[in-house]
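S.K.: Submitted below is the structure of interest, expressed as structure tokens.
The values are calculated or read from the model by the stated rules, or taken from the named source; none is laboratory data. Bear in mind the structure is a predicted one, so any value in this text is a computation, not a measurement. Every residue, glycine among them, receives a Cβ derived from its backbone with ideal geometry; neighbour counts consider all protein chains shown. For accessibility, only protein heavy atoms count, side chains too; no ligands or nucleic acids. Shrake-Rupley method; radii C 1.70, N 1.55, O 1.52, S 1.80 Å.
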Amino acid sequence: MPKLRTVALVAGAALLTRRALRRRIQVSPLWPLPALDPPISGRPRSRALRLLVTAHETVADGVVQLRLEGGGLPRWEPGAHLDLVLPSGLVRQYSLCGDPEDTSSYTVAIRFVEDGRGGSREVHEQVTEGMELEVRGPRNRFPLVGAPSYVFVAGGIGITPLLPMLRALPEGTDWRLLYAGRTRASLPFLEEVEKLGRDRVTVVEGRPDLDALQVPEGAVVYCCGPEGLMTAVEERFPHVRVERFTPRVSADGNHEFDIELRRSGRTLTVPADSTVLAAVRRELPDTAYSCEQGFCGTCQQRVLEGEIDHRDELLTDAERHESMLICVSRARSDRLVLDM
């Protein structure tokens, strides 16, 4: 009997050990290495809302304005934008250009881009009054800061985040606006802008002369518009505040680099003409992503090793120490290690 009891105890201990090992390996596939922290991909940034399109109207050549109505909507401040989920599933970002105090509706304006990625065409041609759309946000990475004076530079549809700023400036504030576009008819909200301060607004048809732009000492410069305009303003005024809705372009171009997927035990090469997201999805097709522009945060991944070339407009400085958006950001080093 003692021998049978010993055998039973040993067998029971072995079974418990085997179950414990199985659970441990499930927690960390690389066991006996230390378990990695839970991944951070797809961390939600704001709750989604379903809003009704109550207006779809043309406000300039090639520009439509959407009014999206709901109840008790989150408040926002000038410079904020929404993620708009289109019927096809595309996610695009548009600046809010209505009244921040209006908690019953949001207003955005969208220019049609002939050779774009399809979002503006869908808004212009398929979104209609009476349709419900999902929105996320608002979020603000382009806030209006206090300053003794302001200089605003807008290129076409780039007026949308700046217009609420102009409305919000206290009476007596020193400000001026350079507003450029192909033609006056292509400039949305031009009539309202000129009413806000006709003697402070310079309208240019064609390419503006930035050398003639006078910026008082201590003034804060804001710019939004086509990439070429923002780059030119940045070169002339290095401390300008800009907002981009397309990935930032590196002056050094792109280079090929390797990524190690630590959890999966795989190493991949990211070509100079492709993205980390594309390389990862070839191996891990279920990897979550959405906007592919560096704004929604769905594809955020923790970086364990390597130097990151951040090209997004979303992550905070603290988040950039340990993570990246793999749809747009790349490596400065020859290798990155991702927690995937």
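S.K.: So, for region 48-168, what is the accessible surface per residue at a probe of 1.4 Å, expressed in square angstrom?
M.R.: Per-residue accessible area for region 48-168 comes out at 38 Å².
S.K.: Using a 10 Å cut-off on Cβ atoms, rank the peptides 185-196, 166-177, 222-233 from the highest mean neighbour count down.
M.R.: Peptide ranking by packing, descending: 222-233, 185-196, 166-177.
S.K.: Find the accessible area per residue for region 208-336; the probe is 1.4 Å, ligands and nucleic acids are left out, and the unit is Å².
M.R.: That works out to 49 Å² per residue.
S.K.: Let me ask another. Can you give the net charge of the other residues whose Cβ lies under 12 Å from the Cβ of Thr202, counting K and R as +1 and D and E as -1?
M.R.: It works out to a net charge of -1.
S.K.: What is the sum of charges around Cys291, taking Lys and Arg as +1, Asp and Glu as -1, for the other residues whose C-beta is under 9 Å from the C-beta of Cys291?
M.R.: For residues surrounding Cys291, the net value is -1.
S.K.: Roughly speaking, to the nearest percent, how much of region 45-145's 1.4 Å accessible area is carbon and sulfur?
M.R.: Whole-percent figure for carbon plus sulfur exposure: 45.
S.K.: Let me ask you something else. Determine the relative contact order of region 282-340: mean sequence separation of Cα pairs under 8 Å and six or more apart, normalised by residue count, in whole percent.
M.R.: Normalised by residue count, the contact order of region 282-340 is 40 percent.
S.K.: Related question: How far is it, in nm, from the label point at Val59 to the one at Gln214 when both lie 7 Å from their Cα along the line to the Cβ?
M.R.: Between Val59 and Gln214, the label points sit 3.1 nm apart.
S.K.: Just want the answer: with Cβ charges of +1 for Lys and Arg and -1 for Asp and Glu, which residue in Leu213, Phe237, Leu162 is farthest toward the dipole's positive end in region 160-240?
M.R.: Looking along the dipole axis, the top candidate is Leu162.
S.K.: Next up: Within a Cβ distance under 13 Å of Phe237, other residues only, what is the Lys/Arg minus Asp/Glu net charge?
M.R.: Residues close to Phe237 contribute a combined charge of -2.
S.K.: Can you find, among Phe257, Tyr179, Phe189, the residue sitting farthest towards the positive end of the charge dipole of region 164-260, where Lys and Arg contribute +1 and Asp and Glu -1 at Cβ?
M.R.: Phe189
S.K.: What is the packing order of peptides 51-58, 72-79, taking the mean over residues of other C-beta atoms within 10 Å and listing the highest first?
M.R.: 72-79, 51-58
S.K.: Ok, one more. Using a simple spin-label model with points 7 Å from Cα along the Cα→Cβ vector, what separation in nm is obtained for Glu114 and Thr173?
M.R.: My value for the distance between the label points is 3.7 nm.
S.K.: Moving on to the next point. If r is the Cβ-Cβ distance from Glu194 to Arg121 and R0 is 25 Å, what FRET efficiency results, to the nearest 0.05?
M.R.: Between Glu194 and Arg121 the formula returns 0.25.
S.K.: Divide, for region 254-340, the radius of gyration over alpha carbons by 2.2 N^0.38 Å, where N is the residue count.
M.R.: Taking the Cα Rg and dividing by 2.2 N^0.38 Å, one obtains 0.95.
S.K.: Could I ask something else about it? Using r as the Cβ-Cβ distance of Arg332 and Ala185, and R0 as 51 Å, what FRET efficiency do you calculate, to the nearest 0.05?
M.R.: Calculated transfer efficiency: 0.70.
S.K.: For region 262-337, which whole-number percentage of the solvent-accessible area (1.4 Å probe, protein heavy atoms only) is attributable to carbon and sulfur atoms?
M.R.: Percent of accessible area from carbon and sulfur atoms in region 262-337: 40.
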